[in-house]
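Heads up, the thing below is written out as structure tokens.
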Amino acid sequence: MDEWSNAGRLRRRGRISIVKEMRVSKTHQVLVIGGGSIGERHVRSFLATRRCTVAVCEPNELRLRQLADRYDLAADFKSTDELTDYVPDISVIATPADLHVDQAIALARRGSHLLIEKPLSTSLERVAELLDIVKSQDLIAGVAYVYRVHPALTAMAAELASQRWGTPKQFIIVGGQHFPTYRPQYREIYYNNPAQGGGAVQDALTHLLDCGRWLVGPITRLCADAEHLALPGVEVEDAAAVLTRQGEALGCYVLNQFQGADELTMTVVCERGMCRFENHLSRWQWIDGVAGSWHDVPTPLRNRDDLYQRQAEAFLDAVERHVDPPCSLVEGASTLAACQAVLDSWREQRWVEPIQIT
């Protein structure tokens with residue numbers, strides 16, 4: 001769609017004016033819904049591609065003005081109610097997780113491609129409906145699991161998929177960071193509310209579950225425990241441990257959000273060798289056979305925005321080529337099902353078989 005409706009407001013020469021018509025040629029129109037820290041990162045990253053214009057929808061007027069001052073926004077909206085006559089090519093949904101699916105359904109019905117922040121939702125309610133609409137509308141839709149575009153991890157994933165070392169037999173992932181350092185306002189944002197996607201399981205472990213599914217295969221059963229152990233000012237869990245069965249592989253996921261070192265390591269042990277991804281060192285390693293030495297493959301990144309710009313580029317490529325993005329909607333829904341199974345296992349203290357979504 002080439003025209004933007006007069007519901008939006010266009011930033012020009014430091015002032016805000018009503019948009020009556022705006023035509024864009026040979027570029028994508030991207031709308032970011034949600035102007036928090038992750039929404040701002042998406043704004044910055046999509047603009048950095050120089051392949052699109054970016055508009056923002058954010059109900060907090062002060063926050064919206066701050067974004068308009070910092071970036072060359074094409075238009076801004078204070079409410080999704082203002083989007084009635086506006087259909088962006090691509091919608092990036094960066095609101096609290098409990099709002100994702102309803103917003104995605106409304107935009108998909110109007111023909112917008114979708115990049116939805118992780119986790120896809122806080123429950124599986126209406127997910128099947130969203131999948132059906134995306135399919136019937138022939139849309140590109142994905143979930144923003146940003147590790148899917150890390151150059152070291154994508155290289156390692158390609159080697160695993162080639163069966164270079166045979167069938168994976170064990171998957172071990174250990175990670176942690178000092179969450180208050182990276183999200184100083186964690187007490188006041190969604191993190192403190194499980195209904196909005198808060199807590200270590202929905203906020204951070206979901207990334208690891210997605211990586212495990214991508215590298216080794218779907219989780220067929222799991223047993224989990226979690227607890228609030230250290231973070232001040234919140235009651236949600238800040239640590240989790242999960243045992244899984246993934247095909248022939250046994251998995252082990254260990255996470256906390258209070259340790260001093262920001263580290264994440266994923267190791268896959270296969271029939272004829274093994275490989276390892278070290279996020280904090282931005283590299284992957286491999287060993288052939290049973291008595292080999294580690295071979296390092298460094299893939300340095302400039303900063304955290306590198307991954308988000310890679311994700312933006314990859315999603316724009318997927319839309320242009322009409323192919324699946326790095327993490328498809330079905331894969332994101334499958335990770336959501338695994339995440340819900342982790343929560344069920346923890347609360348009920350039993351083994352759980354996640355719902356399989358295809």
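Just so it is clear, none of the values below were taken in a lab; they were calculated from the coordinates. Model, not experiment: these values are computed from the prediction. Backbone-built Cβ (ideal geometry, glycine too); neighbour counts: all protein chains shown.
For the reader, a short list of remarks on this structure follows.
- Segment 248-358 - Rg and Dmax from Cα coordinates, angstrom: 17.8, 46
- For the residues P232, P325, P168, a GNM of the chain with alpha-carbon springs under 10 Å puts the largest fluctuation on P232.
- Loop trypsin sites (Lys or Arg not before Pro), segment 288-358 (other Cβ atoms within 10 Å of the site Cβ: 13 or fewer; DSSP): R302, R304, R350
- Within-15-Å neighbourhood charge of D98 [Cβ basis; K, R +1; D, E -1]: -2
- Axis of helix 61-70 versus longest Cα principal axis of the chain: the two differ by about 90°, to the nearest ten degrees.
- In segment 81-190, GluC sites (Glu not before Pro) in a DSSP loop with at most 14 other beta-carbon atoms within 10 Å: E125, E188
- Distances between every pair of Cα atoms in segment 48-195, grouped in 10 Å steps from 0 to the bin holding the largest one, split as 9, 28, 33, 23, 6, 1 percent.
- Of D81, D203, D344, the residue with the greatest mean-square motion in the GNM of the chain, using alpha carbon springs below 10 Å, is D81.
- Helix 206-215 axis, angle to the chain major axis (alpha carbon atoms, nearest 10°): 60
- Antiparallel %, DSSP beta bridges [both residues in the chain], to 5: 65
- Of V127, V216, V290, the residue with the greatest mean-square motion in the GNM of the chain, using alpha carbon springs below 10 Å, is V290.
- When segment 293-358 is reduced to its Cα atoms, the Kirkwood hydrodynamic radius in Å: 15.1
- Relative contact order of segment 63-219, pairs being alpha-carbon contacts under 8 Å that are 6 or more residues apart, as %: 20
- T267-L301 FRET efficiency (beta carbon distance; Förster radius 30 Å; 0.05 resolution): 0.90
- Restriction of the GluC sites (Glu not before Pro) in segment 205-283 to DSSP coil positions whose beta-carbon has at most 15 other beta-carbons within 10 angstrom yields E235, E248, E271.
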